[in-house]
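Since the structure comes first, as structure tokens, the remarks are kept for the end.
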Protein chains: 2
Amino acid sequence: MRSNKNSVIFIMGVSGVGKSTIGNLLSEQLGIPHFDGDDYHPQKNIRKMSDGVPLNDEDRYDWLLALNELSKSQLNNNSCIISCSALKESYRKLLVEDLEGKVKWVFLVGSFDQILKQIQHREEHFMPAKLLKSQFEILEEPAQALKINISNSPEEIIDAITTEFKKSEFGLLGLGVMGKSLCRNMADKGFTISMYNRHAKDLEEDVAVNFKKKYNELNTALPFDELKSFVNSLQRPRKIMLMVNAGKAIDDVIKNLVPHLSEGDVLIDGGNSHYMDTQARMKYLRSKSIYFMGVGISGGENGALNGPSIMPGGPEPAYEIVKDYLEVIAAKDVNNSPCCTYIGKEGSGHFVKMVHNGIEYVEMQLLAEVYDIFRNMGYDPDKIADIFESWKTTTNSYLLSISIEILRKKEDNDWLIHNIMDKAGNKGTGNWTTIASSEFGVPSTMIAAALFARYISSFKEERVAMSNNYVSNKNTVLKIDANEVLKAYHFARIINHHQGFKLIGEVSNLNNWGLDLNEIARIWTNGCIIKSTLMEELVDILKGDDTILSNKKITNQVKDLKPSLTNVVSQCVLNEISAPCLSDAIHFFNGYSTANSTANLIQAQRDYFGAHTYQRIDDSTGEFYHTNWNKD
Amino acid sequence: MRSNKNSVIFIMGVSGVGKSTIGNLLSEQLGIPHFDGDDYHPQKNIRKMSDGVPLNDEDRYDWLLALNELSKSQLNNNSCIISCSALKESYRKLLVEDLEGKVKWVFLVGSFDQILKQIQHREEHFMPAKLLKSQFEILEEPAQALKINISNSPEEIIDAITTEFKKSEFGLLGLGVMGKSLCRNMADKGFTISMYNRHAKDLEEDVAVNFKKKYNELNTALPFDELKSFVNSLQRPRKIMLMVNAGKAIDDVIKNLVPHLSEGDVLIDGGNSHYMDTQARMKYLRSKSIYFMGVGISGGENGALNGPSIMPGGPEPAYEIVKDYLEVIAAKDVNNSPCCTYIGKEGSGHFVKMVHNGIEYVEMQLLAEVYDIFRNMGYDPDKIADIFESWKTTTNSYLLSISIEILRKKEDNDWLIHNIMDKAGNKGTGNWTTIASSEFGVPSTMIAAALFARYISSFKEERVAMSNNYVSNKNTVLKIDANEVLKAYHFARIINHHQGFKLIGEVSNLNNWGLDLNEIARIWTNGCIIKSTLMEELVDILKGDDTILSNKKITNQVKDLKPSLTNVVSQCVLNEISAPCLSDAIHFFNGYSTANSTANLIQAQRDYFGAHTYQRIDDSTGEFYHTNWNKD
């Protein structure tokens, strides 16, 4: 067996299917012990079965726990084989508790008549044939098992099992920065993997082979540049993660893969695809009986290597198949739970990743605005880094901490930051989030502001021309101190997170996705770019409240912080500092906490020129009215 | 002939095709005079032709002008017929100058041999047969003519002409508010029209018939609720304007219409369709040899009736066919030119209308914010209306003037505005503009802010709950006067128009549409919702400058206005007034006029966590760099 770690092979199936026989033969072949699950039944269960009384779930509970304990203690020394009927998904869940990524299933199957015949030959067996029927009735077929029919000879069955387990558990396709890091992460966790990268003459040659040579943890990994062999090197149902560029490349890869795949295989798109594209691909592959999942992965190169935050969306049965792998490689939260959870159906995984990136855009822009304020106060990058450093105790985050390192970075006698071109790139997700906000009627004002700030930066030549045309008499006197800026920054971050989670919540409702906001906050507490102490606080907050701003604790925080944001934003305006995100935070908050907005005037205008009608505050029936405005 | 107005029937075709004969016969039949164009040739032309020398364009110029003069003077009394070869599009343009909407074309056609035979029978004709060839060579077939083959007998030809001219010139489909107003406008201008509205039992019955009965100007209009008869009632090439709801309804109508249409017919979508849908429909109908145009129409019910602003986009030859109708019914600018001009190819007409509506969203929101400021200063609606009234001399607009009427409107003892529900609706175009800005990388910050302000208003219940949670200690002391608010408002309007036209300009470049920004401003000076004195100023400004903010005059204005906006926005912030559009105007301006933005920090962050690389300001080659940030 090809493995980097000890594992348990469960041989399952209805009573009489031949689990013990196969278990013993396999034990000889692999040189690892076999335990017959039936030997671990409490006496009362054995008695019941001998009396022809079917076991109930309560009877089974202690038995399954005993087998789970047996597995765990064996794994400390060696791999092992356990034969056990394990007919229901709930039983199997108990069996593998705390064994994530260390279990393989062999499912022996046969027809009722076939098995009945076998049982009638065995005098010693304590299970009367008449109970076989009840076993068939409760059997829930496992999705993730190697399924073998007992019409094969025992030798053939052993051969099939050993051949299959020589194959890789997981395949990764596309060895770019992220793909390579995920390969190393997965191999490091003891999974056997196959790695594929296309062959492109003179550009990409022997990528997988050379990559394997570079890292010790890849010694059991299999490298490929030929698609068919790659697919055939994988255990079934196959689990293949695509790490290629979003867009046409994904469709091309799918097209080339499909002829080699089998029913029930799982394809995972681990890139930043648009969630609507993911839904379309899911639908297409469902028509071919292949599972497709859209899985958001955040954390950059470093996160992918040491534990990213993972947002898997798609069919739930598919998640059951890949769960162990994703949860094992994911970052761990403060309670050591994986920063990976089943997000929901359809494209919800990629949707949530998209909003993650939208929140990230704002977090970055807020730091840029704060940097600008201090720059205008005459502080050099080291001084600004010192201030940021002092903020860590109040509001730490990954982006704050990397900004400190960035600001301190020097080359020759200047700070590197002074020589970086001020035109920001964007890779689509901030843009998509703004579009989704517009489409779904949810006001993500700060994400739009952060996106547009990047766009404005890209018009560098126009900006330079404008700055020459409009020489200002600006005489910067910012009447604020660093602590006020910190409070303003923290307030704005709360609004940013409110807006992001609100967008997810609203779209989840509209699409009937049933997304769990507090679980999403939890898997964002580690591994990803927007991990922060605020995110950790939000986990609890989102357990109790639908939106962040409706939480009592946040209410009090915001009341305390608001005067600072008010002062900072007005000082920015008076001193000609562009701070669109800080500013939108306060205008959003003021608009959102106003019982009577000014949309009454807008409704009147719409009714005036377009006869669009309006509702009245003194008519709770919601009826629509039209007025002939220009007649008395 | 069915008509509400005098018109000129030009009978055209190569020499010898029989124009005079047909002209005389038609004259007898219709009882209107016929003028033989050849009688109006200057002597020098006749001499040339007799000598067998082909006429050049210079020769023809005086002749065509004479015929144009003849037409105009005749039209004062009666309709008339003029026979004239009119072989080139440029000749026809000269012939019909200032006759928009009053001309009908009959194009007689025959083969070379057929015509040659006819000529050889006519001894008196001054045109030698050998010149016929040159006539065929220069002939450019007209798109908008009734084309009749001379193999028909003269009687049959006359019959075809009179039958055709009994048909309607223009068809309108969909008699909603806008459709009805356009029908009345068109009929009032003397066009013969057919009007169609579907039959829907108990809901829409005899809509067209009943509508016709209601208005005198519709006495020659033909009403239909059956599609085939409607189409057959139209002169060819048919011109049909669809005034149905954007979306699926348009596709359904097209599907039902297509089987009844002929090659070269023109379908016009006069609703607010998304420009990408319009492009797809254009492509589909091109495959059926039918022209499709996406035409933006602004002005609401009143504009449609008395002259809207019209933004036609699509194939240019199609515009030539419908031009006279659209330009006659359009509003007129200050120079009496129609507020209708060919916008450009593909979906550019609907795109421009979409941005028009985006600008409109902002103009409305700015008035709402200004209203809010005055409301917070304790002014009642009448007082605010008085202030707005006083602004008209500085910055008048349609939206300002209707806001005054709205604010003054009373019911019982209160102002009506106080009882209108403050939840703003939106019909998609503001949303689409925000999406287009995001997609094309153009920062339309104010349109997004206006859209999101409407969205925020829609969460009324959450707003009320929030206002209870966050009872503020707000003590409004706005340190501003009305004149400063006016200046701030005017500054923000300039930025709004800058952003709107910038979006059109950028998208025009990206799509190779070659749109003419100053013509677009011109057709927006009257008839539409965003007409204003500022728009009138922009016509000239956009003649000379690519963007509004790069204009010298605007530069000076903005310098003068900026301190007021700065003060007003900071006062709003300090007094908890949500003014996202005013605020975005100043933040956009400050960002857009900053030579060194803070995108350097964002680029560094992106390179840190995602290895996205950055460019350097000290390397003009644009090379990309990557830094290992967390290593010394």
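Assess whether B:Leu416 counts as being facing chain A (nearest Cβ under 8 Å), more than 27 Å from B:Ile310 (Cα to Cα), surrounded by fewer than 24 Cβ atoms within 10 Å (Cβ to Cβ) and not hydroxyl-bearing (Ser, Thr, Tyr).
Here the answer is yes, as B:Leu416 does meet what is asked.
What pairs come out if I take residues in the stretch B:331-343 that are open to solvent by 40 Å² or more (accessible area, probe 1.4 Å) and pair them with residues that are of a type outside the set (Ser, Thr, Tyr) and outside any loop (DSSP other than H, G, I, E, B) whose C-beta lies under 7 Å away, six or more apart or interchain?
B:Lys332/B:Pro338; B:Val334/B:Glu536; B:Tyr342/B:Pro312; B:Tyr342/B:Glu316
Just wondering, is there one or more residues in the stretch A:318-327 that are under 17 Å from B:Trp629 (Cβ atoms) and open to solvent by 10 Å² or more (accessible area, probe 1.4 Å)? Before the answer, list the steps.
In the first step, residues of the stretch A:318-327 are kept if they are under 17 Å from B:Trp629 (Cβ atoms); the result is none.
No, every residue in the stretch A:318-327 fails to be under 17 Å from B:Trp629 (Cβ atoms) and open to solvent by 10 Å² or more (accessible area, probe 1.4 Å).
Filter the stretch A:305-340 down to the residues that are modelled with pLDDT under 95 and not in a helix (DSSP H, G or I) and list them by number.
none
This table checks each residue for (1) open to solvent by less than 40 Å² (accessible area, probe 1.4 Å); (2) out of contact with any Lys or Arg (no Cβ under 9 Å at 6 or more places or on another chain); (3) not in a loop (DSSP other than H, G, I, E, B).
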residue	(1), (2), (3)
A:Phe10	yes, no, yes
A:Gly16	yes, no, no
A:Asp39	no, yes, yes
A:Trp63	yes, yes, yes
A:Asn68	yes, yes, yes
A:Lys72	no, yes, yes
A:Ala86	yes, no, no
A:Leu94	yes, no, yes
A:Lys104	yes, yes, yes
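Would you check which residues across the stretch A:29-56 are among the hydroxyl-bearing types (Ser, Thr, Tyr) and in contact with a helix residue (DSSP H, G or I) (Cβ under 6 Å, 6 or more places away or on another chain) and list them?
The answer is A:Tyr40, and nothing else.
Among the residues that make up the stretch B:549-561, is at least one of them open to solvent by less than 10 Å² (accessible area, probe 1.4 Å), assigned to a helix (DSSP H, G or I) and within 24 Å of B:Gly299 (Cβ to Cβ)?
To start, the set of residues in the stretch B:549-561 that are open to solvent by less than 10 Å² (accessible area, probe 1.4 Å) comprises B:549, B:554-555, B:558.
Cutting the leftovers down to assigned to a helix (DSSP H, G or I) gives us B:549, B:554-555, B:558.
With the extra rule that they be within 24 Å of B:Gly299 (Cβ to Cβ), the set shrinks to none.
No, the stretch B:549-561 contains no residue that is open to solvent by less than 10 Å² (accessible area, probe 1.4 Å), assigned to a helix (DSSP H, G or I) and within 24 Å of B:Gly299 (Cβ to Cβ).
Does B:Ile32 count as open to solvent by less than 60 Å² (accessible area, probe 1.4 Å), over 17 Å from B:Ala86 (Cβ atoms) and at pLDDT below 90?
On the way: open to solvent by less than 60 Å² (accessible area, probe 1.4 Å): yes; over 17 Å from B:Ala86 (Cβ atoms): yes; at pLDDT below 90: no.
For B:Ile32, the condition - open to solvent by less than 60 Å² (accessible area, probe 1.4 Å), over 17 Å from B:Ala86 (Cβ atoms) and at pLDDT below 90 - is not met.
Going through the stretch B:41-61 one residue at a time, which ones are in a helix (DSSP H, G or I), among the hydrophobic types (A, V, I, L, M, F, W, C) and closer than 20 Å to B:Glu137 by Cβ?
B:Met49
Looking for whichever is touching a residue at least 24 places away in the same chain (Cβ under 8 Å) and closer than 30 Å to A:Val231 by Cβ here; the options are A:Lys147, A:Lys88, A:Lys130. Which one fits?
A:Lys147
Can you give me the ranges of the helices (runs of 4 or more DSSP H) entirely in the stretch B:435-529 with at least 1 residues that are among the hydroxyl-bearing types (Ser, Thr, Tyr), closer than 23 Å to A:Thr445 by Cβ and within 11 Å of chain A (Cβ to nearest Cβ)?
Helices (runs of 4 or more DSSP H) meeting the threshold: B:445-458, B:460-469.
What single numbered condition from (1) outside any helix (DSSP H, G or I); (2) at the interface with chain A (Cβ under 8 Å from one of its Cβ atoms) fails to hold for B:Leu601?
Going through (1) outside any helix (DSSP H, G or I); (2) at the interface with chain A (Cβ under 8 Å from one of its Cβ atoms) one by one, B:Leu601 breaks only (1).
Select from the stretch A:179-208 the residues that are open to solvent by 70 Å² or more (accessible area, probe 1.4 Å) and in a helix (DSSP H, G or I) and list them in ascending order.
A:Lys180, A:Asp188 - these are the residues of the stretch A:179-208 that are open to solvent by 70 Å² or more (accessible area, probe 1.4 Å) and in a helix (DSSP H, G or I).
Could you list, ordered by first residue, the pairs with Cβ atoms under 7 Å in which the first is in the stretch B:201-216 and under 15 Å from B:Gly176 (Cβ atoms) and the second is part of a helix (DSSP H, G or I) and of a type in the set (D, E, K, R), at least 6 apart or interchain?
B:Phe211/B:Lys180
Taking the stretch A:588-597, which residues are in contact with a Leu (Cβ under 9 Å, 6 or more places away or on another chain) and either facing chain B (nearest Cβ under 7 Å) or among the hydroxyl-bearing types (Ser, Thr, Tyr) (or both)? Give the steps one after another, and end with the answer.
Taking the stretch A:588-597 and keeping what is in contact with a Leu (Cβ under 9 Å, 6 or more places away or on another chain), we get A:589, A:592-593.
Residues satisfying the conditions are A:Tyr592, A:Ser593.
Looking at B:Leu407, B:Leu400, B:Leu367, can you tell me which residue is part of a helix (DSSP H, G or I), farther than 11 Å from A:Leu601 by Cβ and within 11 Å of chain A (Cβ to nearest Cβ)?
After applying the criteria, what remains is B:Leu400.
Take the stretch A:566-585 and flag every residue that is hydrophobic (A, V, I, L, M, F, W, C), in contact (Cβ under 8 Å) with a residue 24 or more places away in the chain and either within 7 Å of chain B (Cβ to nearest Cβ) or in a loop (DSSP other than H, G, I, E, B) (or both).
Scanning the stretch A:566-585 gives A:Val569, A:Ile577, A:Ala579.
The values are calculated or read from the model by the stated rules, or taken from the named source; none is laboratory data. Nothing here was measured: the structure is a model prediction, and the numbers come from that model. Positions of Cβ are backbone-derived with ideal geometry, glycine not excepted, and every protein chain shown enters the neighbour counts. Calculation scope for accessible area: heavy atoms of the full protein, side chains included, ligands and nucleic acids excluded. Shrake-Rupley method; radii C 1.70, N 1.55, O 1.52, S 1.80 Å.
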